[in-house]
Amino acid sequence: MSTLGLRIEPSVVRVNDADSATVKITLDNRRGRSGLRIVLDSHDPDGAIQFTFSPQVVDLVAGQVTAVFLRLYCLRPPPGQELTHQFTVTASDGNVTVDGSGSLVQVSSRAAIELLTVHVNPSVLRLKNRRRGYVRAVLDNRDGAQGLRVTMRGDDPENVMRFAFTADTLEIPPGQMATTKVYITVSPAPSGQEVTRPFNIVASDGQWEAQGHGTLIQPAASRRQLTRVLLRPFRRADDH
């Protein structure tokens, strides 16, 4: 065993958007004068990796070089993050151990929806003498390399608006855009006051969200409008 060579190839394995990788373990007994029966094992300090050898027990004659494949399985990090796990491979004949060290580097791309932008057009909606209007929600996936399926909803901090979409589920292919109308119904503004209300249009893929921002303005009624209302003649039920 003192003459056994153990190499991990590559010693640093880097994977993108994957939970597993395979490395080659080279066992070199060319300097040995006798045959060996070797049992392979592996561990990592974090206990995050599952190891599978093919095979785990190897018989080597003197002067022989052989390769064993090791599959590493580890859950990838959250979107947009990178994790490095150190691991050690050991070869033992029951008395003496030879080991080698390696690293598993896992990189997760940004979530597809992080590259999605939501635009509200127009960004300012003025409702004059009305309680209902509409804007368009434009979902821009031109920077994305993956398609998206999202559900739509509207939010307002005061919870006085109702939102209805012509399409509340949208498919946006990579590099493209999608649009839906958003009808907004709002509670009446206090008499004689102009009210500004912020709102958000939200697209969700079930885990992550992208949102666009808009503003709804309810102008104050003019004096002429108020006078017309106040001076409107009273009509009795028996008037013809």
message: Taking loop as defined by DSSP and a crowding limit of 14 other beta carbons within 10 Å, which GluC sites (Glu not before Pro) in the range 74-172 fit?
response: Glu158
- prompt: Considering the zone a paramagnetic label at Arg31 would reach in this model (a point 7 Å from Cα along the Cα-to-Cβ line), which residues of the range 54-70 have amide N under 19 Å from it?
  reply: 60-67
query: For the chain, modelled as a Gaussian network with Cα springs under 10 Å, which listed residue fluctuates most, Arg142, Arg37, Arg153?
result: Arg37
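Pop the C-beta distance of Glu114 and Gln64 into the FRET formula with R0 = 35 Å and round what comes out to the nearest 0.05.
Computed FRET efficiency for Glu114 and Gln64 comes out at 0.10.
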field: Stretchable slack from Arg162 to Gln146, in nm (0.36 nm times residue separation minus alpha-carbon distance)
entry: 2.6 nm
task: Please get the size of the charge dipole for the range 5-107, origin at its Cα centre, with Cβ charges of +1 on Lys and Arg and -1 on Asp and Glu, quoted in debye to the nearest 20.
output: 400
query: For the chain, with the dipole built from +1 on Lys and Arg beta-carbon atoms and -1 on Asp and Glu ones, taken about the Cα centre, which of Gly147, Ile38, Thr179 lies farthest toward the positive end?
result: Thr179
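Calculate, in nm to one decimal, what Ala48 and Thr215 gain on full extension: separation in residues at 0.36 nm each, minus their alpha carbon distance.
Extending this stretch completely gives an extra 55.4 nm.
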query: If one puts a single equal scatterer on every Cα of the range 5-107 and applies the Debye formula without solvent, what log₁₀ I(q)/I(0) results at q = 0.13 Å⁻¹?
result: -0.47
- prompt: Extent of the range 1-43 along each principal axis, from alpha carbon coordinates, in Å, largest to smallest?
  reply: 45, 16, 12
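Only the coordinates and a few stated rules stand behind these numbers; no lab work does. This structure is a prediction, so every number in the text was calculated from the model and none was measured. Don't worry about glycine lacking a Cβ; one is built from the backbone with ideal geometry, like all the others, and counts go over all protein chains shown.
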